[in-house]
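To keep things clear, I will list the structure first and then write my remarks on it.
The values are calculated or read from the model by the stated rules, or taken from the named source; none is laboratory data. Keep in mind the model is a prediction, meaning the values are calculated, not measured. As a convention, Cβ positions derive from the backbone with ideal geometry for all residues, glycine included, and neighbour counts pool all protein chains shown.
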Amino acid sequence: MKPSERSVILIGMPGAGKTTVGKRVAQLLARKFFDSDAEIERLEGRTCAEIIESDGEPRFREIERGVVAELAAQSGIVLAVGGGAPVYNADLLKTGIVAWLVRPLADLAEETGNDATRPLSKSPGDLERLYAERREKYAALADFSVSGDGAESTAQGVLLRLPPFLTAKLLVINGPNLNMLGVREPGVYGSESYADLIRYVEICARERGVSVSAYQSNGEGELVTKIQDALGRYDGVVINPGAYTHYSYAVYDALRAVKAVPAVEVHISDIHSREEFRKISVTAPACIAQISGRGFRGYAEAMDILLKRIAAQ
């Protein structure tokens, strides 16, 4: 599994807000969200409380382990697990990046008090006992802990602690005539359209667990402005400058001006086997790599180069 495909797993006591925070983290990362308790209830057709009360906790833990094993085997998701899951399934959860959501016991008691859906933590005394039993397991398993004042601040705290390659924001810039893909020289550029290219880029981003924005312009000035705007907003740029590759020192200067944001130059066709003027790139020296002649696949390879650079920072 690639580092960028690791799941984000939220652990913590009942009432810590794992589900609410998890949904927000998943939204911010553009990932799917799963709740192990919700999956158990969906599969069993009854609540977790009903399973524990009718079949006993050992049977519930058996069911839980099967569900957690299946969910933890997935890549690139956000997963919230029940409060006891880390105690019984630490070996399964180590595949992901584990965030421990911490809240004061008084807040947890207020959240869970007299809640029939939480049979193991109905009273403050139950919570204190459970916390004493679980905190060392939580601490040993977690990559980091987060406490926040509300779901939004906690979710943002999780994002801030995640490795940068998981939260990377990439900008894909396409220059002149790329909007004519599928129409312009299909023998050279292929029959797929610009819309097909963007769909491919978005799929590649989802597979890598990163967010991506795409921009296309036929104007040199617009491209320069977009490159400049990447500073402080994006972690990397994939750029196909089109014909500006061969003579635009303005694009070169813009890439150099924001060199803190690494860029990879991409060309769908093999520019080194075409006309003499196309073999020259004045913009490539401002980039960390150039990919030529790989078709749409070049964009995916450019993402991988950028993510490797971001992970090493």
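General remarks:
- Residues located in the range 235-250, provided they are touching a residue at least 40 places away in the same chain (Cβ under 8 Å) and in a helix (DSSP H, G or I): Gly242, Ala243, Tyr244, Thr245
- Criterion (part of a loop (DSSP other than H, G, I, E, B), at pLDDT below 95, touching a Pro at 6+ places or on another chain (Cβ under 8 Å) and outside the structural domain of Glu207 (by TED's automatic domain parsing)) met by exactly one of Arg103, Arg118: Arg118
- Subset of the range 152-206 (residues that are at pLDDT below 90, part of a loop (DSSP other than H, G, I, E, B) and within 23 Å of Ala260 (Cβ to Cβ)): Leu162, Pro163, Pro164, Phe165, Leu166, Thr167, Ala168
- Residues that are in a helix (DSSP H, G or I) and within 20 Å of Arg161 (Cα to Cα), drawn from the range 25-71: Val25, Ala26, Gln27, Leu28, Leu29
- Taken over the range 216-231, the criterion of being crowded, with 16+ Cβ neighbours inside 10 Å and either within 27 Å of the chain's Cα centre (by Cα) or not assigned by TED's automatic domain parsing to the domain that holds Ala260 (or both) is satisfied by Gln216, Leu223, Lys226, Ile227, Ala230.
- Some residue of the range 203-212 being farther than 30 Å from Gly17 by Cβ and in contact (Cβ under 8 Å) with a residue 60 or more places away in the chain: yes
- Qualifying position, being within 24 Å of Gly157 (Cβ to Cβ) and of a type in the set (Gly, Ala, Ser), among Gly84, Gly56: Gly84
- Scanning the range 270-289 for residues that are free of Cβ contacts under 8 Å to residues at least 24 places away in the same chain and either loosely packed, with under 13 Cβ neighbours inside 10 Å or touching a helix residue (DSSP H, G or I) at 6+ places or on another chain (Cβ under 7 Å) (or both) returns His272, Ser273, Glu275, Glu276, Lys279.
- Note on the range 255-269: among residues that are assigned to a strand (DSSP E or B) and out of contact with any Leu (no Cβ under 8 Å at 6 or more places or on another chain), the one that is surrounded by the fewest Cβ atoms within 10 Å (Cβ to Cβ) is His267.
- Of all the numbered requirements in (1) part of a loop (DSSP other than H, G, I, E, B); (2) over 30 Å from Gly76 (Cα atoms); (3) free of Cβ contacts under 8 Å to residues at least 12 places away in the same chain, Gly232 misses one, and that requirement is (2).
- Residue within the range 131-151 that is surrounded by fewer than 16 Cβ atoms within 10 Å (Cβ to Cβ), of a type in the set (Val, Ile, Thr) and either modelled with pLDDT of 85 or more or in contact with a Ser or Thr (Cβ under 8 Å, 6 or more places away or on another chain) (or both) present: no
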